[in-house]
Amino acid sequence: MKYFNICLGIINVFLTLGCSVNPVTGESQLLLTSEYEDIVQAEKNYAPSRQVQGGDYNVDPDLQKYIRDIGNRLAAKSDNPALPYEFVLVNSSVPNAWAFPGGKIAINRGLLRHLTDEAQLAAVLAHEIVHSAARHSAKQQTRGVLIDLGLGVLERGMPSQTYKKQLETASTFGSSFVMASYSREDELESDFFGMRYMARAGYEPLAAVEIQQTFFALSGNKRSHWFSDLFSSHPPSMLRVKANQITARKLVSGSRYKKRFDAAVATLRKDASSYTKARRARQALSNNDPKKALELMDKAIAAQPLESEFWRLRGDAWVLIKDIERAEADYSEAIAKNNSYYLNYLSRGELYFQQGETTKALADVQISYDFLPTYRASYLLGMMARQRGDLEIAQYYLKAASIGGGLTAKLAERELELLRLK
């Protein structure tokens, strides 16, 4: 009787979830949320996820438009063209691309540098379109929750009210969408349908084969650490290469548009050495060598003065040298170059806080927090609330900061203890 009730409980979970139809394959699938709920969650988490990874690339607006146009051209040829698609180039050197359900897709600057023509770019975007349109992330999340529920029932005889709580928790996917590790079936499905979308849009489908061949080769050598995020969520394999070769032979050939691609990424390629200098400057700052960081950033800014990261890193160097006036000037320049990235405001806001300019600090830190509610911003907002005597607000922010780990968490815990004593 006990095991009958256990099995009945699992069946009830399945009935509660219900089935939906995969809009790409037409097959029935069991998912935790509706497509509308996925879209709502993606709208909520798409921008913060881009902030975490470096913010939107804004040095070359024409390149953003180029990415967006190609993505929209492919989405129009997809099996789910009605989704509210968005395509954004993220300002990160890490080679990666990712998708949320609901058509929210991003490709990192670092991956774009490893592509050779527009057809290869189309292959990446089409692959992510399928992940999004076929709701692969939602499927992975549902699978994980059902496994947890099954184990919970079998091990503990989980009461019915616990089902509801766990389902409610799991339905708030949040930014875990972006970290989804797709199954082999999901990857093959995205390859297959993505190549069809490419062919419909007039691109050469063999470009998808070339990318998989390159990634499979890279996964086996020492350079693969650069692609670790990409390979963890999109594992390359010889099985995929062979499957893509079979698919490509069945599709019509298309165009490469190499000259158009080369023109579009010309600025990005020119700036490659400057982003390398930025990486070395961060290393120098972590080694407490601000003069080296300044030297590197002076050269990077001379080559590309529109990149806000270079100005912010130079501001970090001036802080270590204790030249507050120059640090403030460079942080302000970083904001002027990119006023939609959280870290530019957080850096200047913390500088103002350390100098006792609370009004200016509060304005900057609050903007930073609105873009991305980081633990550091929470700590600073908590400290400023404590200074003005708003202890309830201070406790709220300091509690948020205390769970982040590291020095910030320790400082927040100490302040919370002082509040409790008071």
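So, in region 38-72, exactly how many residues are more than 27 Å from ASP370 (Cα to Cα) and out of contact with any helix residue (DSSP H, G or I) (no Cβ under 8 Å at 6 or more places or on another chain)?
Matching residues across region 38-72 total 2.
Name the single residue that is nearest to LEU112 (Cα to Cα) among those in region 273-293 being among the aliphatic types (A, V, I, L, M) and open to solvent by less than 20 Å² (accessible area, probe 1.4 Å).
Only one residue fits best here, namely ALA278.
Would region 395-403 turn up any residue that is modelled with pLDDT under 95, under 29 Å from LYS44 (Cα atoms) and assigned to a loop (DSSP other than H, G, I, E, B)?
Within region 395-403, one or more residues are modelled with pLDDT under 95, under 29 Å from LYS44 (Cα atoms) and assigned to a loop (DSSP other than H, G, I, E, B).
I'd like to verify a number: residues in region 238-252 that are within 30 Å of the chain's Cα centre (by Cα) and β-branched (Val, Ile, Thr), how many?
Result for region 238-252: 2.
For region 257-307: of the residues being of a type in the set (Val, Ile, Thr) and under 25 Å from the mean Cα position of the chain (by Cα), which is farthest from LEU320 (Cα to Cα)?
Step one: list which residues in region 257-307 are of a type in the set (Val, Ile, Thr), which gives 265, 267, 276, 301.
Cutting the leftovers down to under 25 Å from the mean Cα position of the chain (by Cα) gives us 265, 267, 276.
Numbers: VAL265: 35, THR267: 31, THR276: 21 Å.
My answer is VAL265.
Could you give me the residue pairs with C-beta distances under 8 Å whose first residue belongs to region 335-361 and is under 18 Å from ARG50 (Cβ atoms), whose second residue is basic (Lys, Arg) wherever it lies, and which are 6+ apart or on separate chains?
The qualifying pairs are ILE335/ARG348; LEU343/ARG312; ASN344/ARG312; LEU346/ARG376.
Anything in region 218-270 that is free of Cβ contacts under 8 Å to residues at least 12 places away in the same chain, open to solvent by 50 Å² or more (accessible area, probe 1.4 Å) and within 24 Å of ALA99 (Cα to Cα)? List them, or say none.
HIS225, SER228
Go through (1) modelled with pLDDT of 95 or more; (2) within 20 Å of the chain's Cα centre (by Cα); (3) more than 29 Å from ILE335 (Cα to Cα) and name the single condition GLU118 misses.
(2)
Being open to solvent by 60 Å² or more (accessible area, probe 1.4 Å) and over 27 Å from ALA327 (Cα atoms) narrows it down to one of ILE367, ILE393, so name that one.
Exactly one residue qualifies, and that residue is ILE393.
Given the residues ASN339, ASN344, which is the only one that is modelled with pLDDT of 95 or more and open to solvent by 40 Å² or more (accessible area, probe 1.4 Å)? Full working, then the answer.
Details: ASN344 fails: open to solvent by 40 Å² or more (accessible area, probe 1.4 Å).
Just one listed residue meets the conditions, ASN339.
Only residues that are of a type in the set (Lys, Arg) and over 12 Å from VAL130 (Cα atoms): list them for region 72-93, please.
Kept after step one, since they are of a type in the set (Lys, Arg), are these residues of region 72-93: 73, 77.
The one that is of a type in the set (Lys, Arg) and over 12 Å from VAL130 (Cα atoms): ARG73.
State yes or no: is ARG386 in a helix (DSSP H, G or I), open to solvent by 30 Å² or more (accessible area, probe 1.4 Å) and closer than 25 Å to ASP289 by Cβ?
When the stated conditions are applied, ARG386 does not pass them.
The values are calculated or read from the model by the stated rules, or taken from the named source; none is laboratory data. Since the structure is predicted, the reported quantities are computational estimates derived from the model, not experimental observations. Here Cβ is always computed from backbone atoms with ideal geometry, including for glycine, and neighbour counts include all displayed protein chains. Accessible surface is based on the protein model in full, side chains and every heavy atom, while ligands, DNA and RNA are left aside. Shrake-Rupley method; radii C 1.70, N 1.55, O 1.52, S 1.80 Å.
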